[in-house]
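Everything below concerns the one structure shown next.
Any read-out appearing in this document is the output of simple, stated calculations on the displayed coordinates, not a laboratory observation. Quick caveat, the model's predicted, so the values are computed rather than measured. Heads up, the Cβs are rebuilt from the backbone with ideal geometry, glycines too, and the neighbour counts pull from every protein chain shown.
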Amino acid sequence: MVRVTPVITSERFLETTFQSPQENLLGTPETLPTSEPATPQVSYTIASGDLPTFSITTYAKKWIAYLYAAGNFVTAGTLSWRMKKNGISVNTGTSSVGANTYYTVNAFFYDVAVGDGLEIALWSNQSDSKYDYKAYFVILSRLLIINKPRIAYPCNFAELSAKPVLTQGNPNYVGQGAFYPMHEDGETPAITAPKVFDVVKFKDQFCMFRMFYGDKSSSNAAMVATHASYRPYYYRQFVSTKIKIRGLRLD
């Protein structure tokens, strides 16, 4: 008979550093066209320097790009938008915007890679609508920092932070996505503050955790938020910037 003895591995400590968002507030607003433009107003190409960095080796991850586009309507009307990835349409939609109201398109591109070109095209059914702000930020989901076995004992999400923090224009956030630790590809209760889980088992589909915006919700989709004075009026996401974990090994 072979005796199977569980062994607790040494602690692994992951620190994740997120890059600052790229923002651009135009000095002079641009008038939106009344039909879809050939050249989108918002365009970013993902570079390696845009990605979060890690203090230790990681084994799996999915990158999610958050793109924001904002402006204002003088006359009440309908804003139209289209998301493109590498020149191919990902999603499109419309939203009503009131008179003298700011709009912000919050677009979430799931599973992107270095070299991908991401775009948002905007147009309006009114001839006096404006565009004057864009921003870009890369986040991550479905991360693994232990390979096999994938049992954490314990798993400490030691620090959480809501990102991105936008500063140009007159910003405010309309919502903050909760952070979803995963166990057996099922969600534990969502968290927005540090938490320790005694035993967690990670599987291939969702790995250690899942983001709300851009993965669980609004994957390759956009939401439009409007406000009388806030621009950008945006959605952001709680992320874990420090994780402490021990693996359970069976010898």
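In nm, give the distance between the simple-model label positions of residue 75 and residue 35, each being 7 Å from the Cα along the Cα-to-Cβ direction.
Once both label points are built, they end up 1.8 nm from each other.
Only Lys, Arg, Asp and Glu count, each charged at its Cβ (+1, +1, -1, -1), so figure out the dipole size of segment 158-229 about its Cα centre, rounded to 20 debye.
160
When the gyration tensor of segment 6-250 is built from Cα positions, what are the square roots of 5 times its three eigenvalues, in whole Å, from largest to smallest?
38, 16, 14
If r is the Cβ-Cβ distance from residue 203 to residue 8 and R0 is 22 Å, what FRET efficiency results, to the nearest 0.05?
For R0 = 22 Å, the calculated efficiency reads 0.60.
From the residues 101, 14, 239, which one has its Cα farthest along the dipole of the chain in the positive direction, the dipole being from +1 and -1 charges on Cβ of Lys/Arg and Asp/Glu about the Cα centre?
14
Return P(r) of segment 115-180 (all Cα-Cα pairs; 5 Å bins starting at 0; whole %; ordered from short to long distances).
With 5 Å bins starting at 0, P(r) equals 3, 8, 15, 15, 16, 14, 10, 7, 5, 3, 2, 1.
With charges set only on the Cβ (+1 for Lys and Arg, -1 for Asp and Glu), what does the dipole of the chain come to about its Cα centre, in debye to the nearest 20?
The dipole of the chain has a size of about 780 debye.
What order do you get for 184-192, 239-247 when each peptide is scored by the mean count of other beta carbon atoms within 10 Å, highest first?
The densest-packed peptide leads the list: 239-247, 184-192.
Could you pull out the pairs from 130/163; 134/201; 134/195; 85/203; 203/242 whose alpha carbons sit more than 32 Å apart here?
Pairs exceeding 32 Å: 134/201; 134/195.
Could you give the size of the charge dipole of segment 32-132 about its Cα centre, using +1 on the Cβ of each K and R and -1 on the Cβ of each D and E, expressed in debye and rounded to the nearest 20?
Charge dipole of segment 32-132: 200 debye, to the nearest 20.
Highest first, please rank the peptides 57-64, 69-76 by the mean number of other Cβ atoms sitting within 10 Å of their residues.
Those peptides, ordered most packed to least, come out 69-76, 57-64.
If you average 1/r over every pair of different alpha-carbon atoms in segment 79-211 and take one over that average, what Kirkwood value in Å do you get?
For segment 79-211, inverting the mean 1/r across all distinct Cα pairs yields 17.9 Å.
Averaged over all directions, how much area does the convex hull of the C-alpha atoms of segment 175-251 cover when projected, in nm²?
6.8
Okay, which of segment 65-104 sit inside 19 Å, backbone N to the point 7 Å along the Cα-Cβ direction of residue 114?
65-66, 86
Multiplying the sequence separation of residue 190 and residue 55 by 0.36 nm and subtracting their Cα-Cα distance, what value in nm do you get?
Here the segment from residue 190 to residue 55 would lengthen by 46.1 nm.
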